[in-house]
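Notes for the one structure printed next.
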Amino acid sequence: MKVQVLVGNDSYAKELYMREQVGHLLRVRRDDPDKPALLKRIIGTKGFFPAEDFGLCAVTFGTWKKNDQQIFLEGLQSFDYADLVVFIDVVNPLRFPQKRFEELHFELPKPWQDREWVNAVFEIARSVGVNLTTGGARELLKRLGQNKWSIHNELSKLSLLSKEIDVDLIETETPPLEPVQLEGLLRAVATRSKDLTSVAFEVLKDHDALLVVSVLFGFLRDLYLVLTHYSGERVTWELVKSYSLMFNTSASRIATLLGYQFKGSRISETRPVDLWNVDEVEDMLIALQQLEMSIKNGETEPRLGIIGVLSEIL
C-alpha cells in the first residue's frame with residue numbers, strides 16, 4: 001500500500017495529481033459517520049477496478065477530530081493491498097507515526113506573485129485543453145480573482161465556444177465577480193473607515209461570503225501592486241493610466257487607490273496609499289487566502305470569519 005500525504009493549500013493541483021495517479025478515486029470526508037464501516041465498504045469495492053487504478057482520499061484530513069484520524073490510520077493498517085493508493089489531504093504538515101508516508105507539497109502562488117499566477121492559469125488552460133493568450137490569462141484573474149477552480153470552470157465553459165481563448169472572448173462571455181453594491185465596502189477598506197464592520201454586515205446580508213472574499217482579495221492585491229511601485233511622486237492622469245496598463249486594472253480603481261480625483265484633477269484628502277503599508281496589505285492578503293480555505297473546509301462560519309479579518313484593519 002502506498003500512502004501519500006498531500007500538503008498545502010492548492011486543492012486544484014492536488015485534484016489534478018490524484019486524477020493522474022489513479023483512474024477511480026473514492027473519498028472519505030470529515031463528516032462521514034461510522035468511518036471504520038465506510039472504510040471497509042470502500043476497500044471492498046476495490047476488486048471491481050483494475051490493479052493500481054484505485055485510490056482512496058481522506059479529504060481535509062487535518063480538520064478531522066483526533067479520534068477519527070486515529071481510527072482512519074488504524075483502519076488502513078488492517079488492509080494488506082500492495083497496489084492500493086491512499087492520499088491524505090492536509091493544509092499543514094502533520095506528524096504521522098508511519099514512517100513510510102510520502103509527503104508531497106502543493107502550494108498556491110503568493111497573492112502578489114503576478115507571473116506565477118499567470119503561469120498557473122496557463123496550466124489550467126492546458127488541463128482543460130484550450131489555448132489561452134497572456135492577455136486572456138490576466139483578464140481571467142482580473143475578473144474571477146485568484147481562484148483556480150473558478151478559472152477552470154470558466155475555461156471549460158468557454159471551450160464550448162472556442163479552443164482559442166483571448167481577451168475579446170472573455171470580455172464578451174465572462175462577467176466580473178464584482179457587483180456595484182460592493183464598492184461601498186471597498187471604499188471603507190481603502191480608507192480604513194470606522195464604519196467598516198457595519199458596512200460589511202450589510203453587504204453580507206445580500207452577497208455570498210466567498211464572493212465577498214474574492215472581491216476583497218482582488219482589491220487589496222491591486223493596492224499591494226500600487227504600494228510596491230508608488231514612490232510619492234505627484235499623481236497625474238498619466239501616472240494613473242500607466243499603472244492601469246501595468247497592472248491590468250481599471251483606471252478608476254488606480255485613481256481611487258492613489259487618491260486621484262477626476263473632477264478638477266485634485267488629490268483627495270484621504271489617500272489609501274497614505275493609510276496602508278506593504279506589510280499590512282501582505283498580511284491581509286494571506287489572511288484572506290487562509291480564510292477562503294477555512295470557509296471551504298467548513299472550519300469557519302463565513303460571515304464571522306470575514307468580519308474577524310476586516311476588524312484587523314481598524
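Worth a mention:
- Odd one out for Gly145 among (1) crowded, with 19+ Cβ neighbours inside 10 Å; (2) at positive phi; (3) modelled with pLDDT of 90 or more: (3)
- Residue within segment 111-121 that is aromatic (Phe, Trp, Tyr), in a loop (DSSP other than H, G, I, E, B), under 18 Å from Arg221 (Cα atoms) and in contact with a helix residue (DSSP H, G or I) (Cβ under 9 Å, 6 or more places away or on another chain) present: yes
- When Thr191, Thr172 are screened for being among the hydroxyl-bearing types (Ser, Thr, Tyr) and within 30 Å of Glu301 (Cβ to Cβ), only Thr191 passes.
- Of all residues in segment 234-262, those that are touching a residue at least 60 places away in the same chain (Cβ under 8 Å) and part of a loop (DSSP other than H, G, I, E, B) total 2.
- Residue in segment 88-107 that is without any contact (Cβ under 8 Å) to a residue 60 or more places away in the chain, surrounded by 11 or more Cβ atoms within 10 Å (Cβ to Cβ) and of a type in the set (A, V, I, L, M, F, W, C) present: no
- Residue in segment 179-191 that is surrounded by fewer than 20 Cβ atoms within 10 Å (Cβ to Cβ), small (Gly, Ala, Ser) and within 17 Å of Ile313 (Cβ to Cβ) present: yes
- When segment 212-233 is limited to residues that are free of Cβ contacts under 8 Å to residues at least 60 places away in the same chain and assigned to a helix (DSSP H, G or I), the one that is farthest from Leu144 (Cα to Cα) turns out to be His229.
- Of all the criteria given as (1) farther than 25 Å from Ser294 by Cα; (2) among the hydrophobic types (A, V, I, L, M, F, W, C); (3) not assigned by TED's automatic domain parsing to the domain that holds Val121, the one not satisfied by Val189 is (1).
- Asn153 crowded, with 19+ Cβ neighbours inside 10 Å, out of contact with any Gly (no Cβ under 7 Å at 6 or more places or on another chain), outside the structural domain of Ile295 (by TED's automatic domain parsing) and under 25 Å from Asn9 (Cα atoms): no
- Those residues of segment 296-305 which are part of a helix (DSSP H, G or I) and under 22 Å from Asp10 (Cβ atoms), in sequence order: Lys296, Pro302, Gly305
- Within segment 121-139, the set of residues being over 17 Å from Trp149 (Cβ atoms) and among the basic types (Lys, Arg) comprises Arg138 only.
- Only one of Leu108, Leu104 that is within 29 Å of Lys65 (Cα to Cα), part of a strand (DSSP E or B) and either under 21 Å from the mean Cα position of the chain (by Cα) or not small (Gly, Ala, Ser) (or both): Leu104
- Condition met for Arg143 (of a type in the set (Lys, Arg) and in a helix (DSSP H, G or I)): yes
- Candidates Thr134, Thr60 - the one that is of a type in the set (Ser, Thr, Tyr), outside the structural domain of Ile286 (by TED's automatic domain parsing) and crowded, with 17+ Cβ neighbours inside 10 Å: Thr60
The values are calculated or read from the model by the stated rules, or taken from the named source; none is laboratory data. Since the structure is predicted, the reported quantities are computational estimates derived from the model, not experimental observations. Note that each Cβ is placed from the backbone with ideal geometry, even for glycine, and that neighbours are counted across all protein chains shown.
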